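This report refers to the structure that appears directly beneath it.
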Amino acid sequence: MLCSLPIHFVRIDLIRPNERHHLEHAAALADTIMREQLWRVPITLERNSLAVMDGHHRFEAARRLKLNHVPCLLLDYDQVEVSATRQGYIVTPQEIVRRARIGDLYPPKTTRHRFPSPLPVCNISLWLLQDRGASLLFSSAVRSVDRHAAKMIRKSAERGVPSGFATRPGNPP
């Protein structure tokens with residue numbers, strides 16, 4: 001069950017979207033998060049690439065709120081079923097990760113990820129995700145995910161695979 005998995009605090013600049021989002025929905029979500037001062041549902045990421053499985057609107061809300069870290073579940077595609085909601089698009093785990101790495105985004109709501117159980121509710125104080133000093137409270141988890149991401153970048157470089165998931169276009173490392 002997903003509720004038994006640890007929630008990781010991942011630096012927002014390491015997360016790789018693979019779909020565009022609806023601007024109005026992301027803005028409304030950012031407003032709700034700011035008003036409630038709580039992050040309620042973690043973003044699900046593919047463990048090795050940090051590609052978003054579920055949570056593109058939450059990811060954009062986090063960017064709008066200028067959060068440093070976001071709560072995430074790290075999963076493998078063998079734990080998740082994926083399908084296309086739009087015709088004419090190849091939607092496989094490999095294609096999703098490829099698009100995330102190079103920034104070739106699907107239209108909004110093109111992929112559908114089905115999880116074996118509901119996503120957990122985390123109710124993390126927004127203050128912990130905004131304030132750099134507060135990151136000390138969960139720094140070991142952050143360091144663990146950052147080390148994991150650095151390892152994946154090195155492995156990709158060794159194989160000659162573009163490692164564009166380390167930084168987002170237009171954002172220097």
Checklist outcome for this item: Counting only residues that are modelled with pLDDT under 95 and touching a helix residue (DSSP H, G or I) at 6+ places or on another chain (Cβ under 9 Å), the range 110-124 contains a total of 7
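Rundown of residues vs (1) in a helix (DSSP H, G or I); (2) over 13 Å from the mean Cα position of the chain (by Cα), yes/no style:
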{"site": "D13", "(1), (2)": "yes, no"}
{"site": "H25", "(1), (2)": "yes, yes"}
{"site": "M53", "(1), (2)": "no, no"}
{"site": "F59", "(1), (2)": "yes, no"}
{"site": "R63", "(1), (2)": "yes, no"}
{"site": "P71", "(1), (2)": "no, no"}
{"site": "S83", "(1), (2)": "no, yes"}
Checklist entry - Quick check: anything in the range 42-52 farther than 18 Å from L119 by Cα and crowded, with 19+ Cβ neighbours inside 10 Å? => result yes
Next on the checklist: Which count do you get for residues in the range 85-106 that are exposed (fewer than 13 other Cβ atoms within 10 Å of the Cβ) and either within 15 Å of the chain's Cα centre (by Cα) or not in a helix (DSSP H, G or I) (or both)?
Outcome noted: 4
Checklist outcome for this item: Going through the range 107-135 in order, the residues found to be open to solvent by 50 Å² or more (accessible area, probe 1.4 Å) and in a strand (DSSP E or B) are R112, R114
Next on the checklist: Of all residues being of a type outside the set (D, E) and open to solvent by 20 Å² or more (accessible area, probe 1.4 Å) in the range 53-68, which is nearest to E95 (Cα to Cα)? Just the residue, please.
Outcome noted: R58
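The values are calculated or read from the model by the stated rules, or taken from the named source; none is laboratory data. Since the structure is predicted, the reported quantities are computational estimates derived from the model, not experimental observations. Glycine gets a Cβ as well: all are built from the backbone with ideal geometry, and neighbour counts include every protein chain shown. Only protein heavy atoms, including side chains, enter the accessible area calculation; ligands, DNA and RNA are left aside. Shrake-Rupley method; radii C 1.70, N 1.55, O 1.52, S 1.80 Å.
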